[in-house]
Amino acid sequence: MHELLERKKGIRRNILIVDDDYIAREILIKMLGDSYEVSCAENGVKALDIIKRDKLKLSLVMLDLNMPQMDGYSLLKLLRSDNELRRIPVIVLTSEKGAEVESLKIGAADFITKPFDMPEVICARVRHSIELAEDSVIIHETERDELTGLFRKDFFFQYGKRIDELNNYMPMDAVVVDINRFHVVTELYGRSYGDSVLKIVGDSLHELVSRTGGLACRRGNNRFFIYLPHSDELEIKLPQYIDDIDARINDNNISLRYGVYCDDGSEKNMEQRFDCAELACRKLRNSYESCFVLYSDEQHSKELFSERLINDIDKALSEKQFKVYYQPKYSIKGDRPQLSSAEALIRWFHPEYGMISPGQFIALFEENGLIQKLDRFVWNEVATQIKRWKDMYGVDIPVSVNVSRIDVFNAHIAEILENITKQNNLDNTNLLLEITESAYTDDSAQIIETVNKLRGLGFRIEMDDFGSGYSSLNMLLSLPIDALKLDMTFIKKICENPKSARLVGIMIDIARLLEVPVIAEGVETKEQMEILKKLGCDIIQGYFFSKPLPPEEFEALIEKN
Ligand code: C2E
Ligand code: CA
Ligand code: CA
């Protein structure tokens with residue numbers, strides 16, 4: 001590029017004249033020698049050697065068509081098909097009628113007819129061809145990425161929009177391609193290896209858009225965009241494209257992710273299409289294999305919803321949009337079921353979305369740690385409520401709260417909980433803690449340590465969703481817990497399926513072995529309750545007795561008891 005600009009500023013250009021006719025060569029040298037550095041070759045083979053050697057310096061080739069050895073047509077075709085030599089313009093020298101059209105067709109910049117009888121015209125044509133070629137190189141180099149030859153972002157979007165306009169906004173698909181952990185690849189194997197990978201990806205995408213129509217662009221260091229005329233079969237063809245590119249890279253450590261927006265007729269513009277493709281691509285952050293994700297509106301609105309909830313949580317906490325509901329647990333050991341405790345379950349009354357159940361936000365808030373804030377709010381609410389009931393009715397009603405696996409990793413969890421009970425003048429035994437079984441399998445050493453500490457302070461621990469995790473029987477024996485809460489899914493089929501009932505029986509036996517009571521939740525019918533009672537279950541929670549209730553309604557149950 002720099003060299004080109006230098007040349008623009010009046011440095012003498014190099015021209016190669018290729019002609020087997022000595023006199024023709026001499027005439028041209030005479031015409032052009034004052035303004036240009038002129039060299040000569042008398043056939044195609046010699047010319048090709050010189051062109052290869054001087055490819056960076058040569059500004060023009062003047063080429064006779066009829067020559068021994070390699071003729072002008074063959075040389076011209078060769079030059080046009082070579083990536084590096086293509087840039088050098090060629091003027092064809094000919095006396096044959098009709099040869100002009102043929103040579104322009106295979107890529108000559110211009111032609112000059114023999115005999116050379118108009119020197120001014122010839123000089124003008126030479127100058128013109130050189131200037132045109134240099135201008136187009138400059139344009140090419142500014143609009144293209146140097147390494148891959150693909151468009152740079154600005155030009156990509158400019159041309160893409162032009163395609164849209166010219167084609168009356170026909171449907172177009174957008175694909176974002178990203179190389180996974182590319183920085184690791186360059187760190188391990190070096191920049192030039194990284195560059196070679198980028199080049200392979202660039203070449204492959206270039207070939208793809210040459211076949212399908214459309215544009216390709218290198219965006220940032222290791223991302224690529226492609227814009228293609230819409231195909232209903234893109235989804236079917238993609239795995240093949242992906243395999244092909246993987247095969248060309250041929251390195252198991254390198255994988256690509258593809259985010260795909262397939263035109264769905266929703267009249268998005270080019271930028272919006274790529275926003276969608278990027279969104280889909282982001283879903284694949286941690287993949288170790290090349291794969292693709294299709295954008296869907298549904299996924300998008302789900303993400304927007306999640307974002308909204310994350311944004312709204314602080315306001316919701318301060319405006320008390322969260323309400324704690326209480327679901328009673330009944331002891332079924334005696335003749336009559338007896339209210340024994342409750343489970344606190346959160347509800348979000350959102351000003352716009354109405355009541356949102358925890359299934360929609362707990363996992364989300366676990367992902368980003370916000371759950372700690374929310375759980376602390378619940379624990380405080382519950383402690384205050386226990387205290388209020390104690391003052392109102394003179395009885396202790398223990399309430400269990402859900403302790404997320406994320407809470408357990410907080411080194412201060414014991415202090416936090418103890419502060420809460422202290423502030424409300426409660427005994428730690430009043431606050432039961434439900435920890436899901438799968439949390440134990442995540443990081444058992446850490447959780448056992450925390451749970452031991454909490455039990456040391458008098459808190460009682462219930463293992464929630466028992467049977468859904470993968471605790472080994474051996475591990476169970478060493479677990480510090482105070483109750484087992486059977487996973488709801490086992491209760492569902494207990495009436496229809498004798499095997500389910502037997503399985504629940506076995507779980508109850510395990511609880512006996514551990515010497516802890518068993519709680520069954522999700523009990524919806526009298527039959528389920530009776531089977532559980534027969535099997536020796538201690539406590540029942542579920543719609544059969546009551547749905548989770550707001551505190552005012554729960555009070556009616558306390559009074560009835
Ligand atoms: P979980 O701890 O297993 O709670 C039991 C769920 O089953 C609750 O759903 C409850 O409303 C529902 N349920 C109770 N009885 C029945 C029944 O007879 N039939 C059926 N089909 N369902 C019943 P909910 O309230 O939607 O809570 C879902 C999950 O969200 C809870 O599962 C718990 O893991 C989590 N969660 C709820 N509140 C909190 C909270 O304050 N903190 C944390 N960390 N998690 C919470
Ligand atoms: Ca629970
Ligand atoms: Ca549960």
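The values are calculated or read from the model by the stated rules, or taken from the named source; none is laboratory data. All of these numbers come straight from a predicted model, not from anything done at the bench. Heads up, the Cβs are rebuilt from the backbone with ideal geometry, glycines too, and the neighbour counts pull from every protein chain shown. Surface accessibility is based on the protein's heavy atoms, side chains included, excluding ligands, DNA and RNA. Shrake-Rupley method; radii C 1.70, N 1.55, O 1.52, S 1.80 Å.
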For Ser500: the one exception among (1) without any contact (Cβ under 8 Å) to a residue 24 or more places away in the chain; (2) of a type in the set (S, T, N, Q); (3) open to solvent by 30 Å² or more (accessible area, probe 1.4 Å): (3)
Sole residue being more than 30 Å from Ser306 (Cα to Cα), open to solvent by 10 Å² or more (accessible area, probe 1.4 Å) and of a type in the set (S, T, N, Q), chosen from Asn368, Asn380, Asn425, Asn402: Asn425
Looking only at region 76-96, and only at residues there that are in a loop (DSSP other than H, G, I, E, B) and not polar (S, T, N, Q), the one that is surrounded by the most Cβ atoms within 10 Å (Cβ to Cβ): Pro89
Wholly enclosed strands (runs of 3 or more DSSP E) of region 314-418 bearing at least 1 residues in contact with a Pro (Cβ under 9 Å, 6 or more places away or on another chain) and either more than 16 Å from ligand 3 (Cβ to nearest atom) or more than 17 Å from Glu462 (Cβ to Cβ) (or both): 322-331, 338-350
Condition met for Asp275 (away from ligand 1 (no atom under 16 Å from the Cβ) and assigned to a loop (DSSP other than H, G, I, E, B)): no
The lone exception for Arg248 - which of (1) open to solvent by 60 Å² or more (accessible area, probe 1.4 Å); (2) in a helix (DSSP H, G or I); (3) more than 30 Å from Ser196 (Cα to Cα) it fails: (3)
Qualifying residue in region 230-242 (condition: of a type in the set (A, V, I, L, M, F, W, C), touching a helix residue (DSSP H, G or I) at 6+ places or on another chain (Cβ under 8 Å) and not in a strand (DSSP E or B)): no
Lone qualifier among Asn286, Asn222, Asn253 - being in contact (Cβ under 8 Å) with a residue 12 or more places away in the chain, open to solvent by 50 Å² or more (accessible area, probe 1.4 Å), closer than 27 Å to Val185 by Cβ and within 20 Å of the chain's Cα centre (by Cα): Asn253
Failed item, numbered, when Phe545 is tested on (1) more than 40 Å from the chain's Cα centre (by Cα); (2) outside any loop (DSSP other than H, G, I, E, B); (3) surrounded by fewer than 20 Cβ atoms within 10 Å (Cβ to Cβ): (2)
Top-ranked residue of region 153-166 - restricted to ones that are closer than 18 Å to Ser210 by Cβ and touching a helix residue (DSSP H, G or I) at 6+ places or on another chain (Cβ under 8 Å), ranked as surrounded by the most Cβ atoms within 10 Å (Cβ to Cβ): Gly160
Residues satisfying the stated conditions in region 353-362, i.e. open to solvent by less than 60 Å² (accessible area, probe 1.4 Å) and either within 16 Å of ligand 2 (Cβ to nearest atom) or touching a residue at least 60 places away in the same chain (Cβ under 8 Å) (or both): Ser357, Pro358, Phe361, Ile362
